[in-house]
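Worksheet for the structure shown next.
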Amino acid sequence: MTAEILKKNFSLLKTHHPKTYEVLTGAKQSQHYVVPISQSGHPTLAHIDAKGRKKFLLSKYDPLKEAEKLIKLLRVEDHTNFIILGMGLGYQIFELLKLVPESSKLIVIENDIELCKLAFETIDFREILLHSDVNFIFPNTTSDIQTHLDEEKFNLCINGYCLIQQNALSQVNREKSNRLLSELKNFLQESSLNLKTQKAKSKIFCSNISNNFHNIITSIGINSLKASFTNIPSIICSAGPSLDKNIQLLKAKRNNFILISVATALKTLKANKITPDFVIAIDPEEITLKFFDFQNKSPGPWLVYDPVVPSPIPDFFIKKRLVYDSSNKLAQWLQKYIGENGTLGKIFSVAHAAFQFSDFIGCSPKILIGQDFAFDRNRLHSKDSYYHQSLEDKICQYQPLKLLNEKNFHKYSNNIIDRQSIYSETLFTTISLDTYANVFTDTMQANLNTYNATEGGIGIKKVANISLREAINNFCGTNISQKFNFTLNSLAPKQYDLKETAVSAQNQKNLLNSILGTLNNLEENIITVSTITEDIKKDFIQKMDEVIKNLLNDKETTLLLQNYNFSGFSIWNQRTNQILKKRNAMDSKMLMDEEFKRDYDFLKVLKDSVRFNIVAFELFSKETNTV
């Protein structure tokens, strides 16, 4: 019976889940689990420890009722996404399927493939394996969670998820289960921050990229510097308040290290007559322009920039700029034709980008300063930075600087949390900054030769704290200016033949014009009638469904449209999920009204995105003839 059940399950896995099939075919027979029969007659699960002791992980009386009770307590009807940590014998998944819509997404994470194979030998999983959207994940390490869930991160953040975990199963290897859960939560927290950024800034991202088209193709790619400064020390300067303590030390042995500054720290360095070698800019807002001194005819450092920054910044650094590849779909469209400039991986903050760039060019050790991740006397930034200057400009008789700092601190009151400083004192930080600190911790695990010379703030786990004076004395003993200058002076932009780019841009524009024509016709059918009848609504919903299906067949165009109005697409996705959840509770008229409202609002979102992209690709077509 066991062999027959396994054969049936493996046949379905091979057809519907080939990756899972490949993983499980190589799994050994489990030596640590047994499957006794419960009092109810259903198979249950027990663990055998190193001393031969048996511990039941599922009920020895009735594992089905146990699973039913667990699922009822979770109010699964309120969700469409489910993450199941630990599969057991799958009873909780069978119970889940009884209560949720067919369209629900199930993500099963199991870190013990031998146990999973045992489950497939014991229970007929046909109902689960034929579910429209179920995925199995077997992370070799907890960091694999990010790789496996990357495609689902926005869906999970937009529509939420229900976490299903049976305590007894997680207790078998408590440490590994806790790491897995922690990794999952950190990943989704980071994804949520990324999602908020996308929703808030997607339009400005795309607008800046279209304005930077000429800059992108005339800038030098960071690939030109890959591993160019191997084993040369770098100091990465952020604008945290602790920078005031040790900034003067940067003048010591200045020719013996590469100084990389985030844009916010640039004015602080200039006020102290220190010029960095590189300045990093990644933020799209106009306020980023305030971090630079455009009055100075010489730009000083080399600019390393994301194409989403405002175009006056790379315009100013015309002969000293390095561009890296953006994750933005409009920029990626261009990268297809001009080739890759180099990537810094997933970036969560400008300081993170600076660290990644330092690693990219081969620097070691990497020394961090001004990386507080916290408030110091209600301040987030160093003196002479733009943010500090903007507060100083408001000083008057009734508003001393101390009061202004307090007011600024209270703006963050809804997101304030407390953490322990590197000196074991209590400091306040924000949820976002704490998340960024965790990102740094994850990054540093693969970069052991990194030191935190911030001399303040909450620190970075797994990174040794050191004074800046000690770091410079220990690691910066050799003059590297000759090698640095020779390498940078040898750089030159690539030359491109943009004929293919021009043709592709024109083709993309023609396709977008066709889509806009279809959308205009659909809208006209609605706005030109005095009464919107049920038949008109039904016809509109059907035709919008056709438009969406046709778009989904052209993944690149869909991503370009979503890329511009991410918030609008997110709202459509949320409303679709809400309708799916309520479908059984609504009559046909109510359902049609909901779908019509959703699709009519989405029509405007699509038109907005299509019109922007038409203008952008028109600009691309023109620019290719002037380069």
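The values are calculated or read from the model by the stated rules, or taken from the named source; none is laboratory data. Remember, it's a predicted structure, so these values are computed and weren't measured experimentally. When we count neighbours, we look across all protein chains shown, and the Cβ atoms used for this are built from the backbone with ideal geometry, even at glycine. Note: areas computed on protein heavy atoms with side chains; ligands, DNA, RNA excluded. Shrake-Rupley method; radii C 1.70, N 1.55, O 1.52, S 1.80 Å.
Exactly one residue out of ILE209, ILE204 is in a helix (DSSP H, G or I), open to solvent by less than 10 Å² (accessible area, probe 1.4 Å) and in contact with a Pro (Cβ under 8 Å, 6 or more places away or on another chain), and it is ILE209. The single condition among (1) among the hydrophobic types (A, V, I, L, M, F, W, C); (2) within 19 Å of the chain's Cα centre (by Cα); (3) at pLDDT 80 or above that LEU180 does not satisfy is (3).
Take the residues of region 280-308 that are out of contact with any helix residue (DSSP H, G or I) (no Cβ under 7 Å at 6 or more places or on another chain) and open to solvent by less than 50 Å² (accessible area, probe 1.4 Å): which is nearest to LYS329 (Cα to Cα)? Top of the filtered list is ASP306.
One residue is enough: does region 358-371 have a residue meeting the conditions assigned to a helix (DSSP H, G or I), of a type in the set (D, E, K, R), in contact (Cβ under 8 Å) with a residue 12 or more places away in the chain and open to solvent by 30 Å² or more (accessible area, probe 1.4 Å)? Yes - at least one qualifying residue is present in region 358-371.
Let's see how each residue does on (1) among the hydroxyl-bearing types (Ser, Thr, Tyr); (2) farther than 19 Å from LYS537 by Cβ; (3) open to solvent by 20 Å² or more (accessible area, probe 1.4 Å):
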{"site": "ARG583", "(1), (2), (3)": "no, no, yes"}
{"site": "MET592", "(1), (2), (3)": "no, no, yes"}
{"site": "GLU595", "(1), (2), (3)": "no, no, yes"}
{"site": "ASP599", "(1), (2), (3)": "no, no, no"}
{"site": "PHE602", "(1), (2), (3)": "no, no, no"}
{"site": "SER609", "(1), (2), (3)": "yes, yes, no"}
{"site": "PHE612", "(1), (2), (3)": "no, yes, yes"}
{"site": "VAL615", "(1), (2), (3)": "no, yes, yes"}
{"site": "LEU619", "(1), (2), (3)": "no, yes, yes"}
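Within region 480-501, the set of residues being assigned to a loop (DSSP other than H, G, I, E, B) and without any contact (Cβ under 8 Å) to a residue 40 or more places away in the chain comprises SER490, GLN495, ASP497. Residues in region 310-326 that are surrounded by 24 or more Cβ atoms within 10 Å (Cβ to Cβ) and aliphatic (A, V, I, L, M) were compared, and the one that is farthest from ILE204 (Cα to Cα) is LEU322. When GLN399 is tested against (1) over 20 Å from ALA239 (Cα atoms); (2) open to solvent by 80 Å² or more (accessible area, probe 1.4 Å), only condition (2) is not met. Listed by first and then second residue, the pairs linking a residue in region 226-237 that is open to solvent by 10 Å² or more (accessible area, probe 1.4 Å) to a residue that is small (Gly, Ala, Ser), with Cβ atoms under 6 Å apart and 6 or more places separating them unless they lie on different chains, are ALA227/GLY362; THR230/GLY362; ASN231/SER364.
Every residue, every condition in (1) in contact with a Leu (Cβ under 9 Å, 6 or more places away or on another chain); (2) more than 20 Å from SER358 (Cβ to Cβ); (3) outside any helix (DSSP H, G or I), yes or no:
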{"residue": "LYS394", "(1), (2), (3)": "yes, yes, yes"}
{"residue": "LEU404", "(1), (2), (3)": "yes, yes, no"}
{"residue": "PHE409", "(1), (2), (3)": "yes, yes, no"}
{"residue": "ASN438", "(1), (2), (3)": "no, no, no"}
{"residue": "GLU455", "(1), (2), (3)": "yes, no, yes"}
{"residue": "GLY477", "(1), (2), (3)": "no, no, yes"}
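Residues that are within 21 Å of PHE612 (Cβ to Cβ), over 34 Å from the mean Cα position of the chain (by Cα) and of a type in the set (Gly, Ala, Ser) within region 509-556 comprise just one, GLY517.
Candidates ILE431, ILE417, ILE472: the one that is hydrophobic (A, V, I, L, M, F, W, C) and more than 28 Å from the chain's Cα centre (by Cα) is ILE472.
Taken over region 457-472, the residue count meeting the criterion of being among the aliphatic types (A, V, I, L, M) and either open to solvent by 20 Å² or more (accessible area, probe 1.4 Å) or touching a Leu at 6+ places or on another chain (Cβ under 7 Å) (or both) is 5. The lone criterion from (1) in contact with a Ser or Thr (Cβ under 8 Å, 6 or more places away or on another chain); (2) surrounded by fewer than 15 Cβ atoms within 10 Å (Cβ to Cβ); (3) assigned to a helix (DSSP H, G or I) left unmet by LYS538 is number (1).
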